[in-house]
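Asker: Below is a structure I'd like to ask you about.
The values are calculated or read from the model by the stated rules, or taken from the named source; none is laboratory data. Since the model is a prediction, treat every value here as computed from it, not as a measurement. Cβ: placed from backbone, ideal geometry, glycine included. Neighbour counts: every protein chain shown.
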There are 2 protein chains.
Amino acid sequence: MTASEIRALFAVASRPEVVSLAGGAPYIAALPLDAVGEMLGRLGSERGSSTLQYGIGQGTVELRERICEVMALSGIDVGCGASPDDVVVTVGGQQAIDLVARLFLDPGDVVLAEGPTYVGALGVFQAAQAQVVHVAMDDDGLIPAALESAIAAVRASGRRAKFLYTIPTYQNPTGVTMSEERREQVLDICERAGLLVVEDDPYGQLGFDGDAPRPLRARRRNGVFYLSTFSKTFAPGLRVGWILAPHAVRDKLVIATEATVLCPSAFAQAAVTEYLTTMPWRQQLKVYREVYRERRDALLDSLEDLMPAGTTWTRPAGGLFVWATLPEGLDSKAMVPRAVAARVAYVPGTGFYADGGGQEFMRLNFSFPSPERIREGVRRLSGVMEEEMALRSVFGAPALRRGQGRADVPGSQLA
Amino acid sequence: MTASEIRALFAVASRPEVVSLAGGAPYIAALPLDAVGEMLGRLGSERGSSTLQYGIGQGTVELRERICEVMALSGIDVGCGASPDDVVVTVGGQQAIDLVARLFLDPGDVVLAEGPTYVGALGVFQAAQAQVVHVAMDDDGLIPAALESAIAAVRASGRRAKFLYTIPTYQNPTGVTMSEERREQVLDICERAGLLVVEDDPYGQLGFDGDAPRPLRARRRNGVFYLSTFSKTFAPGLRVGWILAPHAVRDKLVIATEATVLCPSAFAQAAVTEYLTTMPWRQQLKVYREVYRERRDALLDSLEDLMPAGTTWTRPAGGLFVWATLPEGLDSKAMVPRAVAARVAYVPGTGFYADGGGQEFMRLNFSFPSPERIREGVRRLSGVMEEEMALRSVFGAPALRRGQGRADVPGSQLA
């Protein structure tokens, strides 16, 4: 399939009759939209002269102060050197990754990242003409021994990895969380290797089964870029994220963002600031967690009840995604058109590997569809899989084909 | 002065007691803010489930259709191949320039641009490690013979220019408009040289003395990227701009924007769409034009009345800026701190040249301050200039120093 065929397919997948387990969209209808609308209206009518005007590249100091309060909730506080002065507001979490890449990556550079990892990050690294070396993970996250081997292998090949890109908490696409112990090990390994860490944490506030282990940045002052976004905790339509950067490079990030977007939207920044100042956002986080916990349970229960034998999957303690491994011989990418024909969509695993591997996996989203729709989607999906397996037993197994990797999937479908 | 000293200076310049002729901000207070606020509120309360959600990388089809209606006003219509399908929505005009640069520029490449040109474009080209070759302009815009010489000189040096970046109408920073005749000549020269044209047109709708000549894109279907923004015609705080791209590269631009920001803000797009659909935006354009014409006249009259002999300036027929040439021996960059101490600010010409030249020029903005403030600002500025000239006659002329170029000035102050 070509890129535009895949785009067309995703367009079909967004039709209402299709149960989409493919996106990464939060359930915005859980927000108090009347109150949010009223707040947005006031920002225009009462403060339009500033909210509709240009701002400064780094973002407003008011928002950067609120961001520090949000980070303090997960342990990134004054004690570990977090300051509004070192926060750079970005156009969502995506621009945060892009800015860090612009600062550090030259063509041919190596980036280490979990395998699989966020498709949008792969897009950034590909645009920067960097090479991604995947590091294996298991149910406790990135495997420290695999990280050490990867660093050594890159060195042995005469290159040097510029940074480790990691999503330690409720990872996209796997839903897996890096354990306490491994967090310390991974930080030690990177420190010894002189490797920067880019910690991407869009989902850390969305834990269902107690709190997640503290972020990497809460454990080390130096060498860690912390990236996050309000896309999952408030609303992605405003495109507001941030970087907490080492002080020494803060100015360079500001110059880079000025060259890219001039300044983040003053209106969107005011909206997030006002939301965090005047509305019960901690309560809203609980609402999101409760909604997503119910939906995760619906997805896990449906998979348990309906999936063909030989299918396995992760059991995330938070976030938006479950990562499933297909019975041997099934090809998740080849199966997409048949799934869409059966009115269910998912993202094939190939989207999340730089080398186009991952045909045996699929990513299933549980944040957007209702529990009933999730169950119906899994029913349709298992039907497709069973048909595939039946065909396979009649006609024999086609060899798994290596795909084209992430370029196959429109990034904006996959947040 | 270091970059952070200059940032500090611009922070001082934004204090209310300083008359700032330095920015590039539209006069947002001229908008019907009550009605705009009400509209923004409804977008949140009645349509929040989509306006606060993710969107697609290219931007909504509704907004792209409205954008085509806006372009048709200046002659870029169906007849010359403009289609919503080839529009890519961007995070303001800045991201439009950045995306085009990402698509075409490799380190060491050459870009041709007017000298002086938009500081934010210089920031993009510098980040892309491209080299800017300035082409001289006069009161009729870019000089065709200078363009031909520049193309030949670049070729003779064994390199090749990737594109011509031009702001043909009410240029930033000079306020100058390229004449009818020259538009055709410039297009012919670029066509013969196989040179792409990147036409940046943020100000084209803001003419005070009749309509501007048709954009370059209205004259040629092929080889022209047309870039614009709603920052000057509606509100910069929403960060919504666009590219009308040749069809063949449209997909590449979408992939590039996905890697940079995932998708433009759905809320901001809905706001602009709703503004263009339900509000009297053509009438509002007339309001902006009327306000700016009065302010331009106030600036030109004040310059005439108050500037020391030997000062000259452009007489723009639209846009936001006047470009002044100082009496011989004065250095606009060295004079900035003294001007700010005298409670007036401007941007020294050095911001607008890639090579740090331009100390003899300054850019004066007339869109934001009131006519009274403009006059007061020019009075203060002429006082500073006269003091400088007096000192100079006593102590002799210091040699003009070559500056550091655009890195001196925060881009977001200079829209």
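Asker: Could you check A:GLY108 against (1) surrounded by 18 or more Cβ atoms within 10 Å (Cβ to Cβ); (2) within 13 Å of chain B (Cβ to nearest Cβ); (3) touching a Lys or Arg at 6+ places or on another chain (Cβ under 8 Å); (4) not polar (S, T, N, Q) and say which number it fails?
Answerer: With respect to (1) surrounded by 18 or more Cβ atoms within 10 Å (Cβ to Cβ); (2) within 13 Å of chain B (Cβ to nearest Cβ); (3) touching a Lys or Arg at 6+ places or on another chain (Cβ under 8 Å); (4) not polar (S, T, N, Q), A:GLY108 is out only on (1).
Asker: Looking at region B:161-190, which of the residues that are among the aliphatic types (A, V, I, L, M) and assigned to a helix (DSSP H, G or I) is nearest to B:GLY351 (Cα to Cα)?
Answerer: Step one: list which residues in region B:161-190 are among the aliphatic types (A, V, I, L, M), which gives B:161, B:164, B:167, B:176, B:178, B:186-187, B:189.
Applying the additional criterion that residues be assigned to a helix (DSSP H, G or I) yields B:186-187, B:189.
Details: B:VAL186: 25, B:LEU187: 27, B:ILE189: 28 Å.
If we take residues in region B:161-190 being among the aliphatic types (A, V, I, L, M) and assigned to a helix (DSSP H, G or I), then B:VAL186 is nearest to B:GLY351 (Cα to Cα).
Asker: Shifting gears a bit: Kindly indicate the residue of region A:84-94 that is buried (at least 24 other Cβ atoms within 10 Å of the Cβ) and in a helix (DSSP H, G or I) and also farthest from the other protein chains (Cβ to nearest Cβ) among those meeting that condition. Steps first, answer last, please.
Answerer: Taking region A:84-94 as the starting set, the residues that turn out to be buried (at least 24 other Cβ atoms within 10 Å of the Cβ) are A:87-94.
When the remaining residues are screened for being in a helix (DSSP H, G or I), the result is A:92-94.
On the way: A:GLY92: 6, A:GLY93: 8, A:GLN94: 4 Å.
Once the filter is applied, the top-ranked residue is A:GLY93.
Asker: Continuing with the same structure: Determine whether region B:365-388 contains at least one residue that is part of a strand (DSSP E or B) and either surrounded by fewer than 21 Cβ atoms within 10 Å (Cβ to Cβ) or among the aliphatic types (A, V, I, L, M) (or both).
Answerer: The answer is no, given that none of the residues of region B:365-388 is part of a strand (DSSP E or B) and either surrounded by fewer than 21 Cβ atoms within 10 Å (Cβ to Cβ) or among the aliphatic types (A, V, I, L, M) (or both).
Asker: Against the condition touching a helix residue (DSSP H, G or I) at 6+ places or on another chain (Cβ under 8 Å), modelled with pLDDT of 95 or more, of a type outside the set (Val, Ile, Thr) and more than 25 Å from A:PRO202 (Cα to Cα), how does A:PRO327 come out, does it pass? Steps first, answer last, please.
Answerer: Working: touching a helix residue (DSSP H, G or I) at 6+ places or on another chain (Cβ under 8 Å): yes; modelled with pLDDT of 95 or more: yes; of a type outside the set (Val, Ile, Thr): yes; more than 25 Å from A:PRO202 (Cα to Cα): yes.
Yes.
Asker: What do you reckon, is B:GLY81 over 28 Å from A:VAL240 (Cα atoms), within 14 Å of chain A (Cβ to nearest Cβ) and at pLDDT below 95?
Answerer: Details: over 28 Å from A:VAL240 (Cα atoms): yes; within 14 Å of chain A (Cβ to nearest Cβ): no; at pLDDT below 95: yes.
Against the criterion (over 28 Å from A:VAL240 (Cα atoms), within 14 Å of chain A (Cβ to nearest Cβ) and at pLDDT below 95), B:GLY81 does not qualify.
Asker: Can you tell me which residues in region B:14-49 are under 16 Å from A:GLU46 (Cα atoms) and either more than 7 Å from chain A (Cβ to nearest Cβ) or in a loop (DSSP other than H, G, I, E, B) (or both)?
Answerer: Across region B:14-49, the qualifying residues are B:TYR27, B:ALA30, B:LEU31, B:PRO32, B:ALA35, B:MET39.
Table: residues versus (1) buried (at least 24 other Cβ atoms within 10 Å of the Cβ); (2) part of a strand (DSSP E or B).
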residue: A:LEU147; (1), (2): yes, no
residue: A:ARG155; (1), (2): no, no
residue: A:ARG159; (1), (2): no, no
residue: A:ARG192; (1), (2): no, no
residue: A:PHE225; (1), (2): yes, yes
residue: A:ILE243; (1), (2): yes, yes
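Asker: Checking the conditions here, which among A:ILE67, A:ILE97 is more than 8 Å from chain B (Cβ to nearest Cβ), touching a Gly at 6+ places or on another chain (Cβ under 8 Å) and either surrounded by fewer than 22 Cβ atoms within 10 Å (Cβ to Cβ) or assigned to a helix (DSSP H, G or I) (or both)? Spell out how you get there, then give the answer.
Answerer: Numbers: A:ILE67 fails: touching a Gly at 6+ places or on another chain (Cβ under 8 Å).
After applying the criteria, what remains is A:ILE97.
Asker: Give, as residue ranges, the helices (runs of 4 or more DSSP H) completely inside region A:254-358 that count at least 3 residues that are surrounded by fewer than 20 Cβ atoms within 10 Å (Cβ to Cβ) and among the basic types (Lys, Arg).
Answerer: On the way: elements: A:266-278, A:281-306, A:332-341.
It comes to A:281-306.
Asker: Here's a follow-up. I want to confirm something. Restricting to region A:50-64 and keeping residues that are assigned to a helix (DSSP H, G or I) and more than 7 Å from chain B (Cβ to nearest Cβ), which single residue is surrounded by the most Cβ atoms within 10 Å (Cβ to Cβ)?
Answerer: First, pick out the residues of region A:50-64 that are assigned to a helix (DSSP H, G or I): A:50-51, A:61-64.
Checking the rest, the ones that are also more than 7 Å from chain B (Cβ to nearest Cβ) come to A:50, A:61-64.
On the way: A:SER50: 15, A:VAL61: 13, A:GLU62: 16, A:LEU63: 28, A:ARG64: 21.
If we take residues in region A:50-64 being assigned to a helix (DSSP H, G or I) and more than 7 Å from chain B (Cβ to nearest Cβ), then A:LEU63 is surrounded by the most Cβ atoms within 10 Å (Cβ to Cβ).
Asker: I would also like to ask the following. Taking region B:349-373 as the search range and keeping residues that are free of Cβ contacts under 8 Å to residues at least 60 places away in the same chain and within 17 Å of the chain's Cα centre (by Cα), which one is nearest to B:GLU387 (Cα to Cα)?
Answerer: Ranking the qualifying residues of region B:349-373, first place goes to B:MET362.
Conditions (1) among the polar types (S, T, N, Q); (2) within 17 Å of the chain's Cα centre (by Cα); (3) more than 26 Å from B:VAL176 (Cα to Cα), marked per residue:
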residue: B:GLY207; (1), (2), (3): no, yes, no
residue: B:ARG219; (1), (2), (3): no, no, no
residue: B:TYR226; (1), (2), (3): no, yes, no
residue: B:LEU262; (1), (2), (3): no, no, yes
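Asker: Return yes or no: is B:THR51 at pLDDT below 90 and of a type in the set (S, T, N, Q)? Can you show your working first?
Answerer: Working: at pLDDT below 90: no; of a type in the set (S, T, N, Q): yes.
For B:THR51, the condition - at pLDDT below 90 and of a type in the set (S, T, N, Q) - is not met.
Asker: Moving to a separate point now. Which residues, counting only those in region A:111-144, are within 12 Å of chain B (Cβ to nearest Cβ), among the aliphatic types (A, V, I, L, M) and not in a loop (DSSP other than H, G, I, E, B)?
Answerer: Hits for region A:111-144 are A:VAL119, A:ALA121, A:LEU122, A:VAL124, A:ALA127.
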